[in-house]
1. Please list, in chain and number order, the residues 5+ apart from LEU166 or on another chain whose amide H is under 5 Å from its amide H, with Hs placed from the backbone.
2. Taking only C-alpha pairs under 8 Å that are 6+ residues apart, what is the relative contact order of the chain in percent?
3. Using a simple charge model, +1 on the beta-carbon of Lys and Arg, -1 on the beta-carbon of Asp and Glu, nothing else, what dipole does the chain show about its Cα centre, in debye to the nearest 20?
4. Hey, what did the range 70-135 get for relative contact order, percent, Cα under 8 Å, at least 6 apart?
5. Among (1) 121; (2) 135; (3) 103, find the value of volume of the Cα convex hull per residue in Å³ that was calculated from the structure presented, and write down its label.
6. Send over the per residue convex hull volume for the range 1-83, Cα only, as a whole number of Å³.
7. Provide the descending list of Cα extents for the range 93-149 along its principal axes, expressed in whole angstroms.
8. Give the aspartates and glutamates reachable from LYS5 as a straight Cα distance under 12 Å; neighbours fewer than 8 places away on the same chain don't count.
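Every number here is computed from the coordinates shown, using simple stated rules; none is lab data. Just so we're clear, the structure is a prediction, and the values are computed from it rather than from any experiment. No Cβ is skipped: glycine too gets one built from the backbone with ideal geometry, and neighbour counts run over all protein chains shown.
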Amino acid sequence: MNWLKRFLRHVWMSPIILKRQFPAATLEAIGRAVAEGEKSHRGQVRFVIEAELTASQLWAGITARQRAIDVFSMLRVWDTEENNGVLVYLLLADRKVEIVADRGIHRHTGDERWRAICREIEHHYRKRDFVGGSTAGITKISAELSFYFPATGEHANEQLDAPVVL
């Protein structure tokens, strides 16, 4: 990707654009989808949206994947009882979705399954279907978690269900 184009996309991205594409109603729908999905499994799903990276992050060449891993650590998504936390990370300026899964679930699914879900979410986003893309991705992630970590009675909600906007 051309460095200058990427830099300009990040400079022109603003919280206003983020709020237009992810208004409160969309964020609430995402939170409801996470909460509903977690009824069927013992995993933990976090959804994070970041409008743009800082100039220093861009200068350092931080990719959406690298930033997703940083956010996974920062929000302690890895800190679950069964190591089954999953982060869905959207870097709006790059139009990239990344999924970072803790080792407990990742060993069952592998990279290709997560990439397929990312591509599906991005496909919806290209059509400006932000609610549909987000909830479809959460549903697919929940299906994976339900298969490998089905709900068994009461289980603790170790992570917040509401999406995080950075």
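1. Correct list: ILE49, GLU50, ALA51.
2. Working: 239 pairs, mean separation 58.0, N = 166.
Relative contact order of the chain: 35 percent.
3. Numbers: 23 positive and 21 negative charges, 171 e Å.
Taking the Cα centre of the chain as origin, the dipole is about 820 debye.
4. Details: 65 pairs, mean separation 14.7, N = 66.
Normalised by residue count, the contact order of the range 70-135 is 22 percent.
5. It is the one labelled (3).
6. Working: hull volume 9.3 nm³, N = 83.
Cα-based convex hull of the range 1-83, divided per residue, equals 112 Å³.
7. 32, 20, 14
8. Output for LYS5: ASP94.
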